[in-house]
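The values are calculated or read from the model by the stated rules, or taken from the named source; none is laboratory data. Here the structure is a predicted model, which means the values were calculated and not measured. For neighbour counting, all protein chains shown are included, and Cβ atoms are generated from backbone atoms with ideal geometry for every residue, glycine included.
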Amino acid sequence: MSTAIAETNTGISNAKLGTWSFLASEIMLFGGLISAYVILRSGSAHMVVPPRSMMGIPLATFNTFALITSSVTMVLALAAIQEGNIARFQRWLLCTIGGGVIFLCVKAYEYQHKWEEGITISSNLFGSFYYTLTGLHVVHVTGGLFLMAYLLWAGTRGEFTPESHDRVECAGLYWHFVDLVWVILFPILYLL
Amino acid sequence: MTDAHGHAGAHAHGHAGPQGFIWKYVFSVDHKVIGIQYLVTSFLFLLVGFSMMLLMRWQLAVPTPGDDFDPEKLGMIRGLLNWMFPESMPFGFMDPVFYNQLGAMHGTIMIFLGVVPLGVAAFGNFVMPLQIGAPDMAFPRLNMMSYWTYLVGGIVIMSSFLADGGAPQSGWTSYAPLSVVAPAGQTYWLIGMVIIITSSLFGAINFIVTTLNMRAKGLTLGRMPVFCWAQLVTAVLLLLAFPVLEAGALLQLLDRVAGTSFYIPKDMIYGATVFPRAGGGSPILWQHLFWFLAHPEVYVLLLPAMGIVAEIIATNTRKPLFGYKELVGSLCVIGVLSFIVWAHHMFLSGMRTSLANLFVTTTMTISIPSVAVLTCLLLSLRGGTIRFNTPMLFALAFLPMFGIGGLTGLPLGFAPTDLHLHDTYYVIGHFHYVVAPGSLIALIGGTYYWYPKMFGRKMNEKLGKVHFWMTVIPMNFVFFPMLIQGMYGMQRRLATPTDQWHNLPVQGWSMLIGIAGAVLFVGQLPFLWNFFWSLKHGEVAGANPWNATTLEWACPSPPPHGNFATPPEVFRGPYEYSVPGHKTDYWPQDEAA
């Protein structure tokens, strides 16, 4: 009875179906905020967008790259556990965590820099949206890192096998989602 | 509890029950215990919200002192109110600020802490896994967390009364920018709402996965009882609509604590000076985000009630439901359409009229599946041998009451008529007809219907019938006069409506409403008594006291931990009553041919 997958009506495991449902609600959460931003950006006469040079686009591009890379390493970690290679699984997982940590460090530097330049959460509408959207995303990245650390720990206890690694796959789905949110936030906040 | 697993290799389903009182009844992961926890808690919140409303109706019945008022000789009730609320109800006359607080809290409590947890979480948790033949929910621990976060959220919201400046005063809708400049209680409200949204997210994920993944062998979606369908659609609405309010609440929270101006326009004048904010935001944005949740929310209140009524009617007419497929299809269409009607709450907000046209159209469209549901339920009665027991009385009363609620909504959905009716008592009358004599009595009917399954005994029929008449009659005397007052243009949200000359002609009805409200309160005492008395003294119910067909009646009452001794198998649709040639007039889903 260890493989619960065969028992479900849909053939999809409970954990995975639950994760997809959760991600659907997350889409609505970010969707609500992003559409609020898009509407006020195009509709409010007082949305003062700072010059792009103030936004530090090269650094943010690097950050985008770091996060996308961590998504790729997550896929590699999943592939490793599917082959039953725990050592390789843990290596790729560490790379994923590394990518997330780099992202957060750069973000912290960016926040400090922007705050000193006068883009604060209350300075104007753009600043408010910038810190709210990226802040909520940072919360999600941080949560993801805790999740990865848990996977690393569970991996050392030998809890994952090529047949049973639902948690890795679900954490991966979540991590790709977090990545995807950034891929939307980056152009609408920095580039456009 | 000694649970002897005699068989060699008793498989994973044969749970041993948890040991000890705390783990069995308080921090339980059993869906049945969690369902009953939700049931009791939400009834308590309903009682609190109702009591607040009685205070407000007292004020509205006699808003100002008459000519013969003597502060030295207060009556019994005035004296009591004066003693209980010396600050906010001196001499039994309500301070308008206190009135606003009670109004906002009444709405919040009744909807988010009362009716939704009762309809979705209590009945959904208890009944749905049984009806699909599952041993428990898909994620039992998440289920437990859902209850405890709900309770914490409820406590946070209630504790706003202790905040500096008192409870929220901006209505349950918390319209910005009024809510942004309101005292600290509003912050409690926002934080409490975020916690409750988290709780409902846990619940919604659990319901969706359980219904889709854990049905018994042979129970295809097309054989699933209407109640489970209603819960599934409701869970999808909760999953997708609530996060948008979370987004809105987050922005409002930041507006209040971090100095942002998402909902604050440029150079807003507040207290005769310019409000010190960067500005540029839009108050209407809040209304959009709020109603994007709150219109699906109406159907979250309604769909479980429809599901319950369908179950009760099928059982007590002893015939299959009329149009099972149409019923289920209509529920799904309602679910989809409910996402694109929200702005009919906003015709007077300054929204573009071309946009209003769109929402008038969608709103009229959603009335079609709603009427289809009602028609199916009504036609199900035709040719049945109806058993008029207490649950059935409540289910039958739901039909005309929801009918009034739905039909009075049409003039509000049309922008031209809404111009006159908006923000009058007509609106209050309309949505209370949907929620109170509509949803709530269906949920009370559900309590009588599934009580034997929950506690192994039936509730008393005589007391139940007294409760029924003392609920339905006063409810109509409470809410129907509001429709009349509203058509005369009496405005809502006023502590002293008599201050406006145009409200005076229909003020007299408020006395009738107040009296009917008090009678309604007294009318709930038989229910309260019945609920506790029947725990010990009710007629003992077997596994299937109503001779019903669905799976929850196939396991013992109350069901043991793990529900079914052996996983049930389903051979037919949910409502096989009075099948010609069958030995009894009901043919349970799990009975092999």
Exercise. Is at least one residue of the range B:306-318 within 12 Å of chain A (Cβ to nearest Cβ), surrounded by 20 or more Cβ atoms within 10 Å (Cβ to Cβ), touching a helix residue (DSSP H, G or I) at 6+ places or on another chain (Cβ under 7 Å) and hydroxyl-bearing (Ser, Thr, Tyr)?
Worked result: no
Seminar exercise, completed: Within the range B:54-103, residues within 23 Å of B:Gln485 (Cβ to Cβ) and small (Gly, Ala, Ser) come out as B:Ala61, B:Gly66, B:Gly92, B:Gly103
Exercise. When you look at A:Phe89, is it more than 9 Å from chain B (Cβ to nearest Cβ), loosely packed, with under 15 Cβ neighbours inside 10 Å and in a helix (DSSP H, G or I), yes or no?
Worked result: no
Problem set entry | Residue that is farther than 22 Å from B:Pro304 by Cα and in contact with a Leu (Cβ under 7 Å, 6 or more places away or on another chain), where the choices are B:Phe275, B:Phe262 | B:Phe262
For this session: Considering each of A:Ile119, A:Ile68, A:Ile86, A:Ile97 in turn, give the residue that is in contact (Cβ under 8 Å) with a residue 60 or more places away in the chain and either of a type in the set (Ser, Thr, Tyr) or under 30 Å from A:Gly158 (Cβ atoms) (or both).
Result: A:Ile86
Exercise. Applying the selection to the range B:18-35, what residues are in a loop (DSSP other than H, G, I, E, B), surrounded by 13 or more Cβ atoms within 10 Å (Cβ to Cβ) and at pLDDT below 85?
Worked result: B:Pro18
Exercise. Would you say B:Thr234 is buried (at least 24 other Cβ atoms within 10 Å of the Cβ), over 18 Å from B:Ile111 (Cα atoms), touching a Leu at 6+ places or on another chain (Cβ under 9 Å) and at pLDDT 95 or above?
Worked result: no
Problem set entry | B:Ser146 touching a residue at least 60 places away in the same chain (Cβ under 8 Å) and more than 30 Å from B:Gly307 (Cα to Cα) | no
For this session: Could you please give the count of residues in the range B:338-387 that are under 22 Å from B:Pro416 (Cα atoms), touching a helix residue (DSSP H, G or I) at 6+ places or on another chain (Cβ under 7 Å) and part of a helix (DSSP H, G or I)?
Result: 16
Problem set entry | Residue satisfying all of: in the range B:119-178; within 30 Å of B:Arg223 (Cα to Cα) and of a type in the set (Gly, Ala, Ser); surrounded by the most Cβ atoms within 10 Å (Cβ to Cβ) among these | B:Gly124
For this session: Give the number of residues within the range B:218-254 that are within 9 Å of another protein chain (Cβ to nearest Cβ) and of a type in the set (D, E, K, R).
Result: 1
Exercise. From the list A:Ala6, A:Ala66, which one is among the aliphatic types (A, V, I, L, M), surrounded by 16 or more Cβ atoms within 10 Å (Cβ to Cβ) and either in a helix (DSSP H, G or I) or modelled with pLDDT under 95 (or both)?
Worked result: A:Ala66
Exercise. So, in the range A:7-48, of the ones that are under 30 Å from B:Pro265 (Cα atoms) and charged (D, E, K, R), which residue ends up nearest to the other protein chains (Cβ to nearest Cβ)?
Worked result: A:Glu26
Exercise. Quick one: what pairs do we get from the range B:327-348, first residue closer than 11 Å to B:Tyr299 by Cα, second charged (D, E, K, R) and assigned to a helix (DSSP H, G or I), C-beta under 9 Å, 6+ apart or different chains?
Worked result: B:Ser338/B:Glu297
Problem set entry | Residue list for the range B:258-285, restricted to those being more than 7 Å from every other protein chain (Cβ to nearest Cβ) and within 31 Å of the chain's Cα centre (by Cα) | B:Tyr263, B:Pro283, B:Ile284
Seminar exercise, completed: Exactly one of A:Ile188, A:Ile184, A:Ile119 is within 14 Å of chain B (Cβ to nearest Cβ) and either loosely packed, with under 15 Cβ neighbours inside 10 Å or under 20 Å from A:Met47 (Cα atoms) (or both), and that residue is A:Ile119
